[in-house]
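One structure is given here, and the rest of the page talks about it.
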Amino acid sequence: MASLSRILWADDEIDLLRPHILFLESRGYQVTSVTNGADALEQVRRRACDLVLLDEQMPGMGGLETLQAIKDIRADMPVVMITKSEEECIMEEALGGKISDYLTKPVNPSQVLLTCKRILDGRRIEAEKASQNYLQSFGGITAALMNPLDHAEWVDLYQRLIRYDVELDADEGVRQVFEDQVQEANRSFCKYVEKAYPTWIAAVDRAPDAVRPTLSHEVIPQWVLPEMGKNRPVIFFVIDCMRWDQWLEFERLLAPLFHMQKDYHFSLLPTATPYSRNSIFSGLLPRDLAKRYPRIWAEGEDDEHSRNRNEEQFLNEQLERRHIKARVRYDKLIGTKDGRDFQASVHDLLQSDLSAVVVNFVDILAHSRSDSAVLKEIAPDERAYRALTRTWFEHSWLFQAFQQLASTDCTLVITTDHGAIRSLHETKVVGDRETSTALRYKYGRNLKCDERHAVFVKDPETFGLPAEVRNTNFIIAKEDYYFVYPTNYNHYVNKYRDTMQHGGISLEEMILPVITLRPRAGT
């Protein structure tokens, strides 16, 4: 019951609307009535209402003039225009004034009530319904986690969890139940991956018809190359570190512009750029990439100027191995200037058969949140982090580029190399000074940590990984754990807790969208 919501109704024939007012009041609303625009403005100035029902045809100051004056006083004030006129020009003029709804006389009480509820109580009602739906599904999700799931069932379950995560509002009790269940889901998912992953890798060479997910190195042959035979330019975007929930925010803005085909792939392990993204462009498992390019692999993985700088070469040589001749373009967009220059000349992509575009901003955002107290304050949890990503994209050069491409005859394929997870739990690791430095995975000799918190890869080849020197093995963090050495332990625990990291095993890092977009304007 919206007992505190106050409605202002401005109509020069307000006496005829008395039954409507009584009906609203019987539903818990406080209704103030006035007969002209000047009195309506006075009530708005006194902040005496939450919603205005405004007659369009009043003597003196008309409804449209009153609407503009209301917005000058309180731009956020929701206004419902009520009129006898059905002329389209009136509707457009009202809509241009940023009204919340438009009703045509005669209106009935139930119609007015529904409009008021939607505007004043819609968010609360939707939140309550979302909480109710989730709690009703809680038992079913728990039961599913107790049974063996295949990779497709894991994707379905993860998408259900994402949907609830997006829909659930700030009900802290329900949110806590949900977050506990996500943690349990990740725990079960890690057990599944630890057991299933070596069989997927073995099947790559020995059993091509085996039931398994598409992996990073198969993205281009699975989704990009088939589009190249359709006589239109193909633009392949790899948005570094984009999680599926972040894609949903992008999708809301892109859906009016494109027809969408949605698929998924699983990131290779470790879920880190030197492994997963290089595999996307090379079409090779990391162990095979290291064998084919030993000099490049030996350069290490410290930054964008080492192991990740050869993606254009990898892509061209993958096409050569598949005997595909094409005009190929490659762009890596790291900074804002790169992005703006790209957007300004985006139509140049249409001159190539295949354009590959790596977008690093989402990854930069994840790392910046880890390093910046201000960003961590702005995005303290998953919902806020998702909202921050959406705000960037909505005002970004990338969205502008997509809008421009939506008016052309091309095909876009969008994916990512890995996701990221908030690292909330630390686990001790012991290794020699040659051990790699990443927080969610490490390779070296004589690595030790709590086996409950990591997958030990004693034979790297069974995970499709290179055994760079004898007795090298990997450890890959499970769930939301991150590795910390005993030296200065408390300092590094506090430094890296609640930072966005990748490289480990989690739903957020491994299950990734592959979206094929075709402009609606071209159909």
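Rundown of residues vs (1) out of contact with any strand residue (DSSP E or B) (no Cβ under 7 Å at 6 or more places or on another chain); (2) crowded, with 22+ Cβ neighbours inside 10 Å; (3) among the hydrophobic types (A, V, I, L, M, F, W, C), yes/no style:
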{"residue": "S368", "(1), (2), (3)": "yes, no, no"}
{"residue": "A384", "(1), (2), (3)": "yes, no, yes"}
{"residue": "Q403", "(1), (2), (3)": "yes, no, no"}
{"residue": "A406", "(1), (2), (3)": "no, no, yes"}
{"residue": "T416", "(1), (2), (3)": "no, yes, no"}
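Among all residues of segment 30-38, there is none that is closer than 27 Å to R123 by Cβ, loosely packed, with under 14 Cβ neighbours inside 10 Å, assigned by TED's automatic domain parsing to the domain that holds Q68 and not β-branched (V, I, T). A single member of A130, A144, A94 is part of a helix (DSSP H, G or I), of a type in the set (A, V, I, L, M) and at pLDDT 85 or above, and it is A144. V219 - would you say it is under 21 Å from Q400 (Cα atoms) and in contact with a strand residue (DSSP E or B) (Cβ under 9 Å, 6 or more places away or on another chain)? Criteria not met by V219. Among the residues of segment 40-79, write down those that are assigned to a helix (DSSP H, G or I) and within 27 Å of S110 (Cβ to Cβ). Once the filter is applied, which keeps residues that are assigned to a helix (DSSP H, G or I) and within 27 Å of S110 (Cβ to Cβ), segment 40-79 yields A40, Q43, V44, G63, L64, T66, L67, I70. Comparison of Y492, Y496, Y441, Y485 shows that the only residue that is within 25 Å of L285 (Cα to Cα) and hydroxyl-bearing (S, T, Y) is Y441. The set of residues in segment 312-351 being of a type in the set (A, V, I, L, M) and over 26 Å from the mean Cα position of the chain (by Cα) consists of L315, L319, I324, A326, V328, L350.
Go through segment 358-378 and give me each residue that's within 17 Å of S276 (Cβ to Cβ) and outside any helix (DSSP H, G or I). Once the filter is applied, which keeps residues that are within 17 Å of S276 (Cβ to Cβ) and outside any helix (DSSP H, G or I), segment 358-378 yields V358, V359, N360.
Those helices (runs of 4 or more DSSP H) of segment 197-314 in which at least 1 residues are among the acidic types (D, E) and closer than 30 Å to T435 by Cβ, considering only elements entirely within it, cover 286-292.
Yes/no per residue for (1) buried (at least 17 other Cβ atoms within 10 Å of the Cβ); (2) under 13 Å from S423 (Cα atoms); (3) in contact with a Gly (Cβ under 6 Å, 6 or more places away or on another chain); (4) not β-branched (V, I, T):
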| position | (1), (2), (3), (4) |
| --- | --- |
| L465 | yes, no, no, yes |
| D480 | yes, yes, no, yes |
| V484 | yes, yes, no, no |
| N488 | no, no, no, yes |
| N494 | no, yes, no, yes |
| D498 | no, yes, no, yes |
| H502 | yes, yes, no, yes |
| E509 | yes, yes, yes, yes |
| R518 | yes, no, no, yes |
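Going by the structure shown, is L64 crowded, with 16+ Cβ neighbours inside 10 Å, touching a Leu at 6+ places or on another chain (Cβ under 8 Å) and touching a residue at least 24 places away in the same chain (Cβ under 8 Å)? Against the criterion (crowded, with 16+ Cβ neighbours inside 10 Å, touching a Leu at 6+ places or on another chain (Cβ under 8 Å) and touching a residue at least 24 places away in the same chain (Cβ under 8 Å)), L64 does not qualify. Across segment 273-303, which residue is modelled with the lowest pLDDT among those that are in contact with an Asp or Glu (Cβ under 8 Å, 6 or more places away or on another chain) and surrounded by 24 or more Cβ atoms within 10 Å (Cβ to Cβ)? Here the answer is T273.
The values are calculated or read from the model by the stated rules, or taken from the named source; none is laboratory data. These figures come from a predicted structure and were not determined experimentally. Counting neighbours? That spans all protein chains shown, and the Cβs are built from the backbone with ideal geometry, glycine included.
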